Amino acid sequence: MAVIIDGTALSKKVKEQVRLETEVLVQKNNITPHLVVILVGHNPASESYVRGKERACIKTGILSTVIKREENVTNQEMLDLINELNTDNSVHGILLQLPIPSHLDSELIISSISPRKDVDGFTPVNVAKLANGNGELIPCTPKGIMKMLDEYQIDITGKQCTVLGRSQIVGKPIANLLLKANGTVTICHSKTINLSAVASMADILVVAIGKPKMVDDTYVKSGAVVIDVGISKVDDILCGDVDFEKASKKAGFITPVPGGVGPMTIACLLENTLLCFKKIVGESK
Ligand SMILES: NC(=O)c1ccc[n+]([C@@H]2O[C@H](COP(=O)([O-])OP(=O)(O)OC[C@H]3O[C@@H](n4cnc5c(N)ncnc54)[C@H](OP(=O)(O)O)[C@@H]3O)[C@@H](O)[C@H]2O)c1
């Protein structure tokens, strides 16, 4: 039976570090780190994620503002809003809750966020830095995954690391981070031939495909580390992309859903907000 990687416990540690550091910085600078989240429309999942982020900010002493816009907001209105936040000295982090309605140009809007306030690490400047191996603001989910591997002393050097999924927010950035950590990285996607055979050669398997419970024990090498990024609701129950029951019998380490990658994503968002704050108020080395 696999060791279960406890993302909830580790996220508490990270959040406590953020809380302590925030306390010191607020005392020293007399300014509170401030994250602004932009929420467009009324997607229930997005609304729930945003509430979770707000709660986490409050607990760690970070000021959180949610700016809501109706579904029919225009590109120009979004650009104007972001421009205002970019130049507002009381705002240190800007997060655009994704997905946004399809009539909006998400690439254009994300690109307009100041790279210094880009807590998600999605702007072209921060994506390029990560791809070049010198990322500073690293997307929260991949950053959280790397922290989990580190916490459980999982050695990446020379290991076969296989990522299922090539999205901008998970697949590509985690592949870059594993490569930087000297893993031998393979990226798979919907056109990969014989996916289970490729996956089952991995020492470290990261699954981010959005297909509930698709990855069973036939995708898993004996003793492998399995990181399940997926979040779906099936019959109103949360589950990941990995069939936990089957895969955990073969894996050496595995993340559960819920309680794995999800809580680490929020913890890393808080860390990134603090990172932006420190840069902006000149607190970083
Ligand atoms: N835990 C967290 O904090 C967190 C954070 C972000 C996302 N998520 C979850 O993680 C999952 C993935 O999110 P995402 O934003 O990366 O998704 P996405 O943008 O939809 O990308 C999915 C990727 O998976 C690939 N894919 C889809 N079906 C596949 C299949 N049958 N076989 C192989 N590859 C397949 C797609 O390939 P193509 O490129 O060929 O289409 C694509 O690259 C979702 O469940 C999402 O809710 C969780």
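Every number in this text was worked out from the coordinates using simple rules, so none of it is lab data. Every value quoted in this text rests on a predicted model; they were computed, and no experiment measured them. Counting neighbours? That spans all protein chains shown, and the Cβs are built from the backbone with ideal geometry, glycine included.
Among the listed pairs LYS68/LYS213; LYS15/LYS278; LYS59/LYS180; LYS13/LYS221; LYS59/LYS129, those whose Cα-Cα separation exceeds 28 Å are LYS68/LYS213; LYS59/LYS180; LYS13/LYS221; LYS59/LYS129. Dividing the helix sum by the residues of the chain, where each DSSP H run of 4 or more adds -39500 (n - 2.57), gives a mean residue ellipticity at 222 nm of -13000 deg cm²/dmol.
In degrees, nearest 10, range 0 to 90: what is the angle between the Cα axis of helix 171-180 and the longest Cα principal axis of the chain? Approximately 80 degrees, to the nearest 10. Each of ILE169, THR22, ILE209 was scored by the projection of its Cα onto the charge dipole of the chain, and the greatest displacement toward the positive side belongs to THR22; charges sit on the C-beta of Lys, Arg, Asp and Glu. Along the charge dipole of the chain, Cβ charges K/R +1 and D/E -1, which of LEU179, LEU85, GLY41 sits furthest on the positive end? Result: LEU179, furthest along the dipole toward the positive end. Checking every one of the trypsin sites (Lys or Arg not before Pro) in the range 93-191 against DSSP loop status and a limit of 12 other Cβ atoms within 10 Å picks out LYS191. Charge dipole (Cα centre; +1 on Lys/Arg Cβ, -1 on Asp/Glu Cβ; no other charges) of the chain amounts to roughly 620 debye.
Seen from ALA181, the other residues with C-beta closer than 11 Å to its C-beta sum to a net charge of 0, counting Lys and Arg as +1 and Asp and Glu as -1. Below 10 angstrom from the Cβ of GLY223, what's the summed charge of the other residues (Lys, Arg +1; Asp, Glu -1)? Within the 10 Å Cβ shell, the charges total +1.
With pairing defined as another cysteine C-beta under 4.7 Å, the cysteines of the chain that fail it are CYS57, CYS161, CYS188, CYS239, CYS276.
Between VAL26 and SER48, what is the spin-label point distance in nm, taking each point 7 Å from the Cα along the Cα→C-beta axis? So the two model labels end up 2.9 nm from each other. If you take the Cα centroid of the range 163-237 and the Cα centroid of the range 69-138, the two points sit 27 Å apart. Computed over all pairs of different Cα atoms, the Kirkwood value for the hydrodynamic radius of the range 92-245 is 16.4 Å.
Panel order for ASP217, ASP235, ASP120, by other beta carbons found within 10 Å of each beta carbon, from fewest to most: ASP235, ASP217, ASP120. Between the helical axis of 261-280 and the dominant principal axis of the chain, each derived from Cα atoms, what acute angle in degrees is found, rounded to the nearest 10? Relative to the chain, helix 261-280 is tipped by roughly 40 degrees.
Going by neighbour counts of Cβ atoms within 10 Å, the residues LYS59, LYS15 line up, fewest first, as LYS59, LYS15. A dipole drawn for the chain from +1 and -1 charges on Cβ atoms has a positive end, and of ALA2, GLN153, CYS239 the residue lying farthest that way is GLN153. Shape analysis of the chain yields a ratio of the Cα radius of gyration to the Kirkwood radius, Rg/Rh, of 0.97. Given axes a ≥ b ≥ c from the Cα gyration tensor, I'd like to know whether the range 186-232 is rounded (a/c under 1.5), prolate (a/b larger than b/c) or oblate. Cα axes put the range 186-232 in the oblate bin.
Sorted from greatest to least, the principal axis extents spanned by the alpha carbons of the range 164-285 come out as 51, 36, 27 Å.
By how many degrees, 0 to 90 and rounded to 10, does the Cα axis of helix 140-151 deviate from the longest principal axis of the chain? Here the helix axis deviates by roughly 50 degrees.
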